[in-house]
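Structure, as structure tokens:
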Amino acid sequence: MSAFLPLIPVILAGGGGRRLFPISTQKNPKYLLKINSSKSLIEETIERAILCQKEINKSEVYPIFIVSNIKHKNKIKRVIQKLKRTKAKNNNSTRKLKIEYLFEPLMKNTAPAICYSALKIQEKFKDAVLLILPSDHKIQDNNKFKEAIKSAYEVAKENFIVTLGITPQYAETGYGYIKISEKKLKDKDNVFEVEKFTEKPSKEKAEEFMKSGKYFWNAGIFIARTSTILEELGKYTPIPNIMKENSIKKAYQIVPEISIDYAVCEKSKKMACVVADFRWSDVGSFKAIKELFQNDENGNSGNADFIECKNSLVFSQNNKRKKIILFGVENLVIAEGENFLLVTSLEKSQDIKKISEKYDK
């Protein structure tokens with residue numbers, strides 16, 4: 001019998017969310033947002049990680065690793081302390097929440113963050129199956145998520161890097177796409193080898209991908225053994241060697257700034273995809289937020305009164321503000337942050353990154 005490999009979640013909390021300015025800023029990163037929930041996005045992510053660990057690790061308690069920029073150290077720790085207090089208050093003490101923090105001196109995208117965590121986990125546990133989760137996504141069926149991770153775990157043990165593919169709901173140009181091959185893995189109907197990745201296609205290409213039935217949105221969730229991810233990172237990048245040969249502070253000054261998608265996934269021959277059956281969003285724009293809310297009969301959503309309005313969104317997490325009334329407008333976004341109030345058209349919401357670069361300093 002082969003040795004048991006624990007499932008160890010790695011939650012990437014790097015900040016970002018520039019397309020959601022001013023509700024997501026450097027001081028108030030996207031993973032702290034509460035969207036249709038009393039819990040922040042990172043709290044929901046941690047709860048999904050715990051659910052998967054319980055399913056696979058059974059009674060054994062392993063830590064959850066959180067990788068974050070050093071600037072967010074206090075924010076992350078406050079979230080975890082709140083979560084621990086909530087669990088204690090609810091008498092949910094049957095399973096202790098173990099968190100290990102890895103703070104990056106610089107933000108260098110996901111490939112260095114994943115390498116850093118894989119090296120630390122390998123050092124502590126020799127080998128394990130990593131469940132690599134963005135901290136700021138929205139998933140609306142945790143049980144279906146758990147089932148997808150169970151399938152991915154079995155494939156990852158066989159030295160594949162597994163990603164979750166989401167059936168496209170529309171021709172989105174802001175997502176990466178996965179084309180699956182016809183070769184199924186593990187005799188399961190929803191597990192395939194990956195033929196290729198395509199990052200952010202044109203509108204025409206996205207529509208073509210959707211019609212084919214062979215392309216899926218790349219959810220940015222990866223499941224792989226530490227040994228496999230480090231081997232593939234070492235094959236295609238200098239990142240593991242740089243981190244092994246230098247202090248973390250110096251290594252982060254040297255390593256390339258690159259995503260795991262570009263660094264490994266587009267090149268590796270060990271990629272597999274579990275086609276997942278749950279509603280997912282990367283909450284990457286105000287359009288994405290609007291889809292997560294219940295719209296009225298005129299397509300409006302958010303915490304405001306809409307009078308003779310169509311297809312508009314109001315989003316604020318400031319409960320002390322005055323009542324917002326929209327009258328006689330269409331396709332508007334009104335977003336209230338701590339220091340800014342943004343009014344823009346829904347069509348321009350993908351371009352808000354330009355605004356954040358000017359004002360969020």
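Of all DSSP beta bridges located in the chain, what percent are antiparallel, nearest 5?
Roughly 45 percent of the DSSP beta bridges within the chain come out antiparallel.
Just subtract the alpha-carbon distance of L97 and E47 from 0.36 nm times their residue separation and send over the number in nm, one decimal.
Working it through step by step, the gained length comes to 17.0 nm.
For segment 1-138, how big is the tail of P(r) above 20 Å, as a whole percent of Cα pairs?
47 percent
What percent does the relative contact order of segment 286-359 come to when contacts are Cα pairs within less than 8 Å and at least six residues apart?
24 percent
Which residue, S24, A152, T198, has the largest displacement toward the positive end of the dipole of segment 7-281 when charges sit on each Cβ (Lys, Arg +1; Asp, Glu -1)?
S24
Under a GNM of the chain (C-alpha, springs under 10 Å), which listed residue has the highest mean-square fluctuation: A263, A288, A152?
Maximum fluctuation in the GNM of the chain, among the listed residues, is at A288.
Any chance you could list P(r) for segment 242-361, counting all Cα-Cα pairs in 10 angstrom bins from zero, rounded to whole %?
Bin by bin from 0 Å, the calculated values are 10, 28, 24, 20, 13, 4, 0.
Would you mind telling me the antiparallel percentage of the DSSP bridges in segment 286-359, rounded to 5?
Numbers: 5 of 15 bridges.
That works out to approximately 35 percent antiparallel.
For labels at D141 and I254 in the simple 7 Å Cα→Cβ model, what's the distance in nm?
Between D141 and I254, the simple spin-label model gives 4.7 nm.
Among all stretches of the chain without exposed chymotrypsin sites (Phe, Trp or Tyr not before Pro) (DSSP loop, at most 16 other Cβ atoms within 10 Å), which one is longest?
5-169
Write out the GluC sites (Glu not before Pro) in segment 240-338 meeting two conditions: DSSP loop, and at most 14 other Cβ atoms within 10 Å of their Cβ.
Answer by residue number: E257, E297, E308, E338.
Can you sort R48, R18 by how many other beta carbons sit within 10 Å, fewest first? Before the final figure, lay out each step's value.
Values: R48 21, R18 18.
Placing the least packed residue first, the sequence is R18, R48.
What per residue convex hull volume, in Å³, comes out for the chain when only alpha-carbon positions are used?
Output value, Cα hull per residue: 149 Å³.
Any read-out appearing in this document is the output of simple, stated calculations on the displayed coordinates, not a laboratory observation. This is a predicted model, so every value here is computed, not measured. Heads up, the Cβs are rebuilt from the backbone with ideal geometry, glycines too, and the neighbour counts pull from every protein chain shown.
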